[in-house]
Every structure is written in structure tokens, then in C-alpha cells.
Amino acid sequence: MKVLIIGSGGREHAIAMSVAKSDRVDQIYCAPGNAGIGQIAECVPIGAMEFDKIRDFAQEKAIDLVIVGMDDPLVGGLVDVLEEAGIRTFGPRKNAAIIEGSKAFSKELMKKYQIPTAAYETFDEAEDALEYLHTKAKFPIVLKADGLALGKGVLICNTLQEAEDGVCAIMTERKFGSAGNRLVIEEFLTGREVSVLSFVDGKTIKIMSSAQDHKRAQDGDKGPNTGGMGNFSPSPFYTKEVDEFCQKHIYQATVDALAEEGRPFCGVIFFGLMLTADGPKVLEYNARFGDPEAQVVLCRMKNDIIDVCEACIDGTLSDLDLMFEDNAAVCVVLASEGYPVKYEKGLPVSGLENFEGKDGYYCFHAGTKLAEDGNTILTNGGRVFGVTAKGATLQEARANAYAATEWVDFANKYMRHDIGKAIDEA
């Protein structure tokens, strides 16, 4: 088979690595890819939102399967464009990807089908949002830009002043662009946050291993929200009881709700959950693999990823036994100092050869590019690498991952030092 992956981050590198393990695949392409992906796939200079170019390339190369990794093209309707051209594609159509593309839509869906989530209100005008904050809000409170904002459009506000500033940033200053056309204000939930990825074929849902993200930029969960500074899997807080509740009230209920609305979902649903004192509640849906969740989950999956993707497309997921290794994985993101606000790019990287031949250790490229000499790898983003390691236990995986962060270096290297610290509290 010939497989085309759409995207350029650590998630797509993890997907590419899984695809490369399949005996069914002869050739992997990635658009646009990055320096790490380029070591196992042929990267093509086509942007993820250049739908016509992607379609034409897929037809020209007789691509057998397209896997869309990124949120923007999914929400924008790339799957629809490719399917209309007769190209087999893994990922939700535009009308189903809206569960990530609009937080207001997903909240309304949960409300209609009684899927547990935080109480909320939706606003189209900044003045109305401000009036609500002044008259009805209880603090702390959460502000969410309705659309896609690279995982950064969520603000937790402890005071009225912080909330007023947040409304201004999202709706008036348009800090997150058109994502701030609408605003969701919701109650602040407390508890453990857990991420659960799932494969879906429109009617059947199969859960992958649980994971736990670290969104804030600095140690101790301080600083601004990022796309994710690290992750571990499985989460010790995702117990059998939690799973049974979610299977009954959240997972299948979501798939059924989308089907009922005429929006059957094929692909990956990411459930962001808060384990509250009142039971698990949905914080958010994503319509694709998380990043860096994919890095800690896919490296532990026993199945051939091509078999799973095709079962989702063909509606035969119920026939497949999804299996994961009985171990753990931890990912520590190496970022550029100053991320996610302001940082320098184009710095040379050294030490990547240290990962070669090291079983259970991975250096997923998130923001890299090849220099003009064709050999030197340069930093090309805020999140540069996702250094990931497996271990028999979460503690062992964490120790391995942090040891491996010393193997690679670049001038403004920055990381959190407390990824997986919650493991010790389990």
C-alpha cells in the first residue's frame, strides 16, 4: 500500500512510525511533514489546508489510504474532498469534525443527549458575556474560544478582572482570530484530568489506553496554556469504575448522538475528561489523535494501525480486538524557551543519533526542518521534540524519558521537570 499522512507535528511522526511498522505498507508520504518524519517517509511540500493539491497528489501517486492527523483540515472538510474523489481516507467528515470545530456545538450536543459536562452559556457579543460575568458568574470560571485555537483558546479566570480581560482578548482583540467569534463560558470543574482516545467507525467505539496531559507551560501547572508539555499513559486515575461509567454514559452516547444528528463519525474521538466528585464529565472533544497523547498511546498499541484505520472506514471495527502492551509510556516535550508566547527558531540540533537502536525510546519531531545543507536539523517551532520512553511501570517510564531528554540538545531548550509527578500520588 501507499499511505499519505497529513500534518507536520509530533502526532504525525508517531502516526508515521506506526504506519512504518505495518507489513502492508510499501511507501509513506507526508504533507508537509518535518525533518523527523522525512527519515521514514517522503515529505511533500503541500500545506495541510491545500485541499486541491492534496487530492491531486493522492490521485497522481495512486495513494491507497490517507490519514489526516491535524484538526484544521478535518474541520475544514478535507475528508469530504478526498472521499468525493474516491480516495480512501481515515478521519471524520466536516459535519462530524464539528465536535472539535465548535465548542458551542459540542456543548449543545452534550446537553441535548444528557452527556455529563460542565454547566455553560454561549455568547456571540462581548457585551453580553461581560454582563453575565458581572451578574451571574461564580469564580473561578472558564472561558473558551468557540473555534480552533491550537489548544490555547481556553482561559481559567480566578477573578472578575481576569475574566473581563479574557473576554477582551478572545472577542475584542481577537487573540485567537475567528475562533473567538463566539465564546463559551462554563463552570470550573475540579478533579483529575484524563485523556481517552478512541477509534470509531460510525456506530462502534473502541477505547485506546488512557493518558494524562500537562497543558501549562511551567512546572507546577503554572504559566499559559500550550498545546501540551508532556504526557503519560496509562493514567492510574482511570479506574475500572471510571471506565464503566464512561462506557455507559459518555463514549457510546457520543457516537450515538452524532449518528442521530446525521453526522456519523469515522476516525478518532479524543475525550478530555474531568474526574469530579460527582463523577466523570466531558471537558472537550477532539476529532483526531491528541498531541502528545498519540506519542504515548500509539507506541504501546499492538495492532497494525492500517488494519484499525480500514476497519473504521469499512464499519467493521466491532470485529477487531484492540490490544495494548501491559506497560507504560511517558513523553516529555522539549520546547523553545519562551513558548508559547515568543521564541527563536532555526537553531541547530545535536544528539539525535543517541536514539538510534534504543528499543523503547523515541524522539518524535514536533517542530523541526532540514537546513539547506540537507543534513543539519534545525528547530522550527515552539514544541520541538516529544522525547518518549516506555517502562514496565509509569515510574520507570518517567525515569527513562527524563534520562533521554539529556541525549538531544539545542540552544534554547526548555522543558517541564514535573511531567508525571501525579503518578506518585496515585
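The values are calculated or read from the model by the stated rules, or taken from the named source; none is laboratory data. Worth saying up front: this structure is predicted, and the values here are computed from it rather than measured. Cβ coordinates were reconstructed from backbone atoms using ideal geometry, including for glycine residues, and neighbour counts include every protein chain displayed. Protein only, heavy atoms only, side chains kept; ligands, DNA and RNA dropped before computing areas. Shrake-Rupley method; radii C 1.70, N 1.55, O 1.52, S 1.80 Å.
Restricting ILE170, ILE156 to residues that are out of contact with any helix residue (DSSP H, G or I) (no Cβ under 7 Å at 6 or more places or on another chain), within 30 Å of GLY7 (Cα to Cα) and not polar (S, T, N, Q) narrows the list to ILE156. Restricting attention to the range 237-280, the residues being under 30 Å from TYR339 (Cβ atoms) and open to solvent by 50 Å² or more (accessible area, probe 1.4 Å) number 0. In the set LYS107, LYS103, only one residue is open to solvent by less than 10 Å² (accessible area, probe 1.4 Å) and of a type in the set (Lys, Arg); that residue is LYS107.
VAL255 meets each of the listed conditions (1) within 29 Å of ARG383 (Cβ to Cβ); (2) without any contact (Cβ under 8 Å) to a residue 60 or more places away in the chain; (3) of a type in the set (A, V, I, L, M, F, W, C) apart from (1). Inspect the range 116-124 for any residue being in contact (Cβ under 8 Å) with a residue 24 or more places away in the chain and farther than 22 Å from GLY153 by Cβ and give the result as yes or no. Yes, the range 116-124 contains at least one residue that is in contact (Cβ under 8 Å) with a residue 24 or more places away in the chain and farther than 22 Å from GLY153 by Cβ.
The strands (runs of 3 or more DSSP E) found entirely in the range 301-399 that carry 3 or more residues being within 14 Å of ASN34 (Cα to Cα) and either modelled with pLDDT under 95 or not polar (S, T, N, Q) (or both) are 361-365, 383-391. If you check ILE423, ILE419 for being within 20 Å of the chain's Cα centre (by Cα) and at negative phi, only one passes: ILE419. The condition (being over 20 Å from the mean Cα position of the chain (by Cα) and either in a helix (DSSP H, G or I) or more than 26 Å from LYS390 (Cβ to Cβ) (or both)) is satisfied by just one residue among LYS248, LYS281: LYS248.
Within the range 259-279, residues that are touching a residue at least 40 places away in the same chain (Cβ under 8 Å) sit with their Cβ atoms under 9 Å from residues that are among the basic types (Lys, Arg) and loosely packed, with under 15 Cβ neighbours inside 10 Å, at 6+ positions apart or across chains, in these pairs: GLU261/LYS112.
Would you be able to say whether some residue in the range 128-147 is touching a residue at least 60 places away in the same chain (Cβ under 8 Å) and either open to solvent by 50 Å² or more (accessible area, probe 1.4 Å) or β-branched (Val, Ile, Thr) (or both)? Within the range 128-147, none of the residues are touching a residue at least 60 places away in the same chain (Cβ under 8 Å) and either open to solvent by 50 Å² or more (accessible area, probe 1.4 Å) or β-branched (Val, Ile, Thr) (or both). Going by the conditions given, is VAL167 assigned to a strand (DSSP E or B) and open to solvent by less than 80 Å² (accessible area, probe 1.4 Å)? So VAL167 does not fit the description; no.
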